[in-house]
Each structure stands twice: as C-alpha cells, then as structure tokens.
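Have a look at the structure below before the remarks.
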Amino acid sequence: MTEAAKRAEATRVVSTISGLRAALDERRRGGASVALVPTMGALHEGHLALVRRARELADVVVVSIFVNPLQFGPSEDLDRYPRTLDADVAALAGLGVEVVFAPSVAEMYPAGASPTRVVAGSVGGLYEGASRPGHFDGMLTVVAKLFSIAQPDVAVFGQKDAQQVFLVRRMVRDLDLRLEVDVVPTVREADGLALSSRNRFLDDTGRRAALVLSEALGAAADSAGEGVDEALAEAVAAFGDHDGVELDYFVIVDPETFLPVAADASGPALALVAANVGSTRLIDNRAVILAS
Ligand code: PAF
C-alpha cells in the first residue's frame, strides 16, 4: 500500500458530537494532543495551509466542515455556499488528517437556531459586522461549540479573516478557554488575489476585477509612510474605475483594539477591505506601517 493510500485509510469522517468526543478521548488517553481547524468546507490551498500548520502543532488533527447557518443573514449566500464534502475529505486524507468532523445542522442545533449565543460586542458590529448583522455572534457561537466539543489544545485560523481572528482570540481570553489560537498568513494566487471559497463564483471578468482588493491594500501599504489620510486616499483611488466592483469599506485599524486608527497614528496597523465583485462578497487585509 502506498503512503498516500495508508494516510487516506486513516482518515475518519465523523458526523456526531458523541462520535467525535469518543474518538478524541481515546487518543487523549494515549497522550495525544489535538489541533482543530474549523472550516466551512469548499477547501482550497489556504485551508490546506492551516491543516499543515495544525499537523506541526499537535498529534491529532481534526478538521471540522460545517456551513454554519447562524452566521449567515437572511439575504446572504447560505444556500449557494459551496458544499464539496467528498473532494474536501480526499484533500484532507492526502494530508494525513485523522478526523473530519462533518455534522448536520440538526446535530449542531437540535432545537433549531439556539437562543444562547456568544456576543461579539461592539467590534462585532463594525466592518464585516456592519454589513452582516449578527454574523460574528453566529460565528463565535459555533466556534465556541466546536471548542467545547473537540476540546483542542490548539485551534488554527487564517489571517485572511482578520476580524474573525481578533474576535476569536478575544473570546478565548474573555471566557478563559483553555486552548491556544494559532494564525496562518493569507495564501494568495501569484497575482495577489487572496484565496477564498467564494472565488469560485467569479467569472473571468470578476476574477480580473477582484484583484483591485489586493491592489488597494498594496497602494495603502506603499503610501502608509505619508500618513493615514494619504494611505486611505490612495487605496480608495485604486477602486476608481472598476466596473462591477462596489467598495464596502476600506479602513485602517489598530491591531490591538480593531478600532480605526487616529489620523495622526504611526507604527504597525492593519488595512482591511471588503467589496462586492458582482454578487460575490470578498474581503482581504494587509499589515501596514504608518508614519504620521
Ligand atoms: O472562517 C470560517 O470558515 C468560519 O467562520 C468558521 C470559523 C469555520 C466558523 O463557522
């Protein structure tokens, strides 16, 4: 048997909470540490980078695949969100993932949308949260459930979802959850486009137009030495003449608070952007160094 075939055989797909707990308890009794990579599936190289990192960090890697209805608004793309479980499991088996946790909505929310929620607070209402009300409460609620179910030693997230990472880290701190959060840099196409499960919705024109997000971040990074206003002006100018692209927000935040930086701020900051390319919502971010 080839190494790849052996690895694939070792991958278990578990769809119940009790099944996952039993599998992990057994491994923990043998002294194994556990890393969790929470995903909504439709895996791409960005997710696989998280899995590779998780393999470095723990003995057992669990990847959850669950399209969480709680984090989608009524007019959002829950129904059209890509679901590619077989291909996802094959990719994860190739990387030696031990357990794929792929529960149904009924398994995760047996009484329907749970009234008990984790509240993301005021930062949860900014940027992504302003355009997607309730999104971060729903995201934190499912992440807290996944942490409770899998009890990982470490959970791995992607920097591409910077606001999500900020809120997850803060939840872990505020609720004294016993795990580490590890963050992996955004994986990009050669031309700079950040990988996203939603990129598959872009046609050729949309794919070309979507580059404006990383270009605007580049423009902000290049002009950050001239101050916040100049960086924002250059970034917004990059969006100037792109048909079919609607800028939602471009903001420069303090990575410690996730609040917009003051006009005279200097030092490390994070530029965040979101835009609709046709009907596809894309986000991206980049570290910048401001000089006032
Ligand atoms: O980033 C995602 O894919 C989701 O927000 C997460 C963390 C899996 C929670 O549903």
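Principal axis extents of the Cα atoms in the stretch 66-209, from largest to smallest and rounded to whole angstrom, are 43, 38, 30. Its residue count N fixes a reference of 2.2 N^0.38 Å for the stretch 183-292, and the Cα radius of gyration divided by that reference is 1.04.
To the nearest 20 debye, what is the magnitude of the charge dipole of the chain about its Cα centre, counting +1 on the Cβ of each Lys and Arg and -1 on the Cβ of each Asp and Glu? Could you put the intermediate results ahead of the total?
Working: 27 positive and 40 negative charges, 282 e Å.
So the magnitude is around 1360 debye.
Spherically averaged projected area of the convex hull of Cα atoms, the stretch 1-117: 8.5 nm².
222 nm [θ] for the chain, helices only, -39500 (n - 2.57) per DSSP H run of 4+, per residue, to 500?
-11000 deg cm²/dmol
What the chain shows is 46 Å² of accessible area per residue, with the surface traced by a 1.4 Å probe over protein heavy atoms. Measuring nothing but protein heavy atoms, the accessible surface of the chain at 1.4 Å probe radius is 51 percent carbon and sulfur.
Sort largest first and round to whole Å: the equivalent ellipsoid semi-axes of the chain, each the square root of five times a Cα gyration tensor eigenvalue. Working shown, then result.
Values: eigenvalues 227, 86, 72 Å².
In descending order, the three semi-axes are 34, 21, 19 Å.
The values are calculated or read from the model by the stated rules, or taken from the named source; none is laboratory data. Remember, predicted model here, so these are calculated numbers, not experimental data. A quick note on method: Cβ atoms are made from the backbone with ideal geometry, for glycine too, and the neighbour counts reach across all protein chains shown. Only protein heavy atoms, including side chains, enter the accessible area calculation; ligands, DNA and RNA are left aside. Shrake-Rupley method; radii C 1.70, N 1.55, O 1.52, S 1.80 Å.
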